[in-house]
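What follows is one structure encoded as structure tokens, with my remarks underneath.
What follows is calculated from the coordinates using simple rules that are stated; it is not laboratory data. Small disclaimer: the values here were computed from a predicted structure and weren't measured. Neighbour counts run over all protein chains shown; Cβ positions are idealised from the backbone, glycine included.
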Amino acid sequence: MSNLTIELKGKERDEYIRKHFRKAPSLPIAAALWLPGSSNRKTGNVPTLWIGRTMEETRASCKGCPLCPKKEGGNGECYAYGSPEYALHSIQRAAAKDPERYTVNRALSNSKRSAKMARLGALGDPGRLPLDYLKRSILKVRAVGLEAVGYTHHWRDLPSLAGWLMASCDALGQVDGALAAGWRVAVKVPWDFLGDNGTGRFKTPGGAAGIVCPAVKTDGGITCNDCRLCDGSKAGPVIAFPSHGPAFSHKLRSRRARDKERTAKAAALLDRLDKGGE
Ligand code: SF4
Ligand code: SF4
């Protein structure tokens with residue numbers, strides 16, 4: 001980032017960045033903040049990488065992702081910029097005082113025995129860290145017997161990361177191109193996407209097999225630590241993520257309530273039929 005952007009403040013600085021940086025700038029290794037565990041219920045308690053020593057760095061790493069904060073030119077739909085942002089603030093404050101506590105070595109050495117994977121990353125795009133560092137970190141994850149689960153929205157300009165991370169696509173129409181470029185793929189789908197005939201399975205326009213993320217499908221019954229399908233080095237289906245940020249959670253809640261009501265009605269009807277038949 002130029003000296004000018006450092007001197008500018010507030011809205012002026014945001015405006016300058018929006019105008020002059022078309023894609024996310026590279027970040028230094030120091031922007032990789034690793035923790036040995038996580039309280040995220042979806043992933044499970046696994047070593048986790050957070051990106052950015054400051055929220056400016058975090059947001060900058062996402063620049064170019066259509067879901068990124070409006071300040072960076074996105075639509076602001078990324079659910080990771082909800083409450084995880086507060087967690088990252090306190091990690092950043094602590095890391096500023098003692099950066100050595102937030103290295104990949106320390107996180108992996110102190111991780112729980114139950115961890116079977118590491119997550120790259122909780123907030124921010126790991127694809128904007130130095131690639132040698134990122135690959136070395138993934139090799140370390142594997143060296144301690146864990147799988148590396150992570151995504152980048154910058155897959156189009158990072159061909160050498162295919163086989164290391166998953167490509168994040170924003171629509172089914174993008175998936176076949178990413179697959180042809182050698183990536184495993186995760187794709188955002190509408191909040192009410194259920195796959196073919198509600199099975200959770202589907203095909204891309206080019207015919208590749210996909211499934212709805214099991215953690216989303218089971219409403220948290222399966223964690224990433226159980227599943228680990230999003231390790232970009234492994235063969236596997238395309239993973240669909242129904243939009244599940246705050247903007248969609250009330251719709252999901254009412255769909256679940258309707259499903260519950262339907263199940264209860266069906267059980268009561270069958271019960272009545274049984275009793276009538278006795
Ligand atoms: S989806 Fe990933 S790259 Fe996009 S804004 Fe969210 S954290 Fe950043
Ligand atoms: S497919 Fe598996 S590893 Fe990927 S996000 Fe869903 S639960 Fe996690």
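Structure notes:
- Cα gyration tensor shape of the chain, rounded if a/c is under 1.5, else prolate or oblate by comparing a/b with b/c: prolate
- The length gained on full extension between ALA257 and LEU131, counted as 0.36 nm times the residue separation minus their Cα-Cα distance, comes to 40.9 nm.
- Gyration tensor (alpha-carbon) shape descriptor, segment 108-231, a/c threshold 1.5: oblate
- Label point distance in nm, THR199-LYS70, each placed 7 Å from Cα along Cα→Cβ: 4.2 nm
- Put simply, when 95-106, 63-74, 134-145 are sorted by average Cβ atoms within 10 angstrom per residue, most first, you get 63-74, 134-145, 95-106.
- Remark: spin-label model distance TYR79-ASP271 equals 3.2 nm, labels positioned 7 Å along the Cα→Cβ axis.
- Note on VAL144/ARG41: beta-carbon distance plugged into 1/(1 + (r/R0)^6) with R0 of 30 Å gives a FRET efficiency of 0.80.
- For segment 4-247, the share of DSSP beta bridges that are antiparallel, to the nearest 5, is 30%.
- Ranked by the mean number of other Cβ atoms within 10 Å of their residues, highest first, the peptides 161-173, 186-198 come out as 161-173, 186-198.
- Difference of contour (0.36 nm per residue) and Cα-Cα distance, TYR86 to ASP219: 45.5 nm
- Tensor-based shape of segment 174-243 (alpha-carbon gyration tensor, a/c under 1.5 rounded, otherwise prolate or oblate): oblate
- Of the DSSP H helices in the chain, those whose Cα atoms cover at least 30 Å axially and whose Kyte score averages 1.0 or more: none
- Additional length obtainable on full extension of the chain from ALA209 to ALA235, 0.36 nm per residue less Cα span: 8.2 nm
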